[in-house]
Amino acid sequence: LDGLSIVGVRPKPEGLSRSLGQPENLTISQADMLSLRSKGYYFAQTGQLVSNEGEIEVRDGDGVIYTLRFGEIVYGTGEAVSAGNESSDDDQSGPAENRYLFITTSFDSARFPEPRRPDNTDFLDKEEDDLTDTDRRNKELQDDYEEWATTVEVGRGRSGELNARFADWYYVISAESFDKIHLTRVELVRQKETE
């Protein structure tokens with residue numbers, strides 16, 4: 001993914017961007033649906049967004065899951081690709097060397113199981129020298145819990161920031177980037193070796 005080459009962007013309809021920024025209140029207009037379909041994206045009966053060329057999920061160490069959905073071909077070259085508009089997208093002349101990319105993120109809270117909380121917080125009112133073994137253990141549990149809470153808060157916040165950043169745009173990637181990322185079944189499955 002480090003070599004993913006974004007060669008252009010297209011704005012999503014304002015209502016669609018706003019809806020995607022608030023998935024719990026997702027409402028899609030007919031115009032938004034047409035925009036999605038023209039780029040190769042559809043809502044399944046379950047309400048899940050799917051794409052006509054598949055998707056890939058990538059997880060990072062912070063618990064953020066990036067979902068990259070690959071859509072329709074983008075025709076043309078130069079400025080028609082890098083900063084095109086709806087009319088240039090309808091023109092299917094020129095080389096078909098680019099593809100739409102729709103990016104969303106989510107946070108995988110299951111990656112960070114909630115640790116046990118301390119039995120009590122009596123240690124908070126004591127000096128370090130006055131702590132009992134039980135107080136020290138409770139302090140360790142409290143420290144672990146606070147570290148977990150911070151990790152989860154940062155991961156959720158980062159996912160939210162990224163979704164806000166990605167919500168306004170359809171991205172256009174080069175065919176070369178698409179071919180590197182979009183592996184076929186033959187490339188992913190190997191014959192089991194016999195001993």
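Could you give every pair whose Cβ atoms fall below 7 Å, whose first residue belongs to the stretch 30-47 and is open to solvent by less than 40 Å² (accessible area, probe 1.4 Å), and whose second residue is part of a loop (DSSP other than H, G, I, E, B), counting only separations of at least 6 or pairs across chains?
ASP32/PRO13; SER35/LYS12; SER35/PRO13; GLY40/ASN52; GLY40/GLU53
Keeping to the stretch 52-78, report how many residues are of a type in the set (A, V, I, L, M) and either crowded, with 19+ Cβ neighbours inside 10 Å or more than 10 Å from the chain's Cα centre (by Cα) (or both).
4
All but one of (1) open to solvent by 50 Å² or more (accessible area, probe 1.4 Å); (2) at pLDDT 90 or above; (3) of a type outside the set (A, V, I, L, M, F, W, C); (4) under 30 Å from THR104 (Cβ atoms) hold for LYS180; which doesn't?
Only one criterion in (1) open to solvent by 50 Å² or more (accessible area, probe 1.4 Å); (2) at pLDDT 90 or above; (3) of a type outside the set (A, V, I, L, M, F, W, C); (4) under 30 Å from THR104 (Cβ atoms) is unmet by LYS180, namely (2).
Within the stretch 124-170, can you find the residues that are of a type in the set (A, V, I, L, M, F, W, C) and either assigned to a loop (DSSP other than H, G, I, E, B) or within 25 Å of VAL9 (Cα to Cα) (or both)?
Hits for the stretch 124-170 are LEU131, LEU162, ALA164, PHE166, ALA167, TRP169.
I need every pair where a residue in the stretch 127-143 that is under 22 Å from GLU114 (Cβ atoms) has its Cβ under 9 Å from the Cβ of a residue that is hydroxyl-bearing (Ser, Thr, Tyr) and open to solvent by less than 100 Å² (accessible area, probe 1.4 Å), sequence separation at least 6 or different chains.
As it stands, the answer is ASN138/THR121; LYS139/THR121; GLN142/THR121, since those pairs meet every condition given.
The values are calculated or read from the model by the stated rules, or taken from the named source; none is laboratory data. Remember, predicted model here, so these are calculated numbers, not experimental data. Neighbour counts run over all protein chains shown; Cβ positions are idealised from the backbone, glycine included. To get the accessible areas, we keep the full protein, side chains included, count just its heavy atoms, and leave off ligands, DNA and RNA. Shrake-Rupley method; radii C 1.70, N 1.55, O 1.52, S 1.80 Å.
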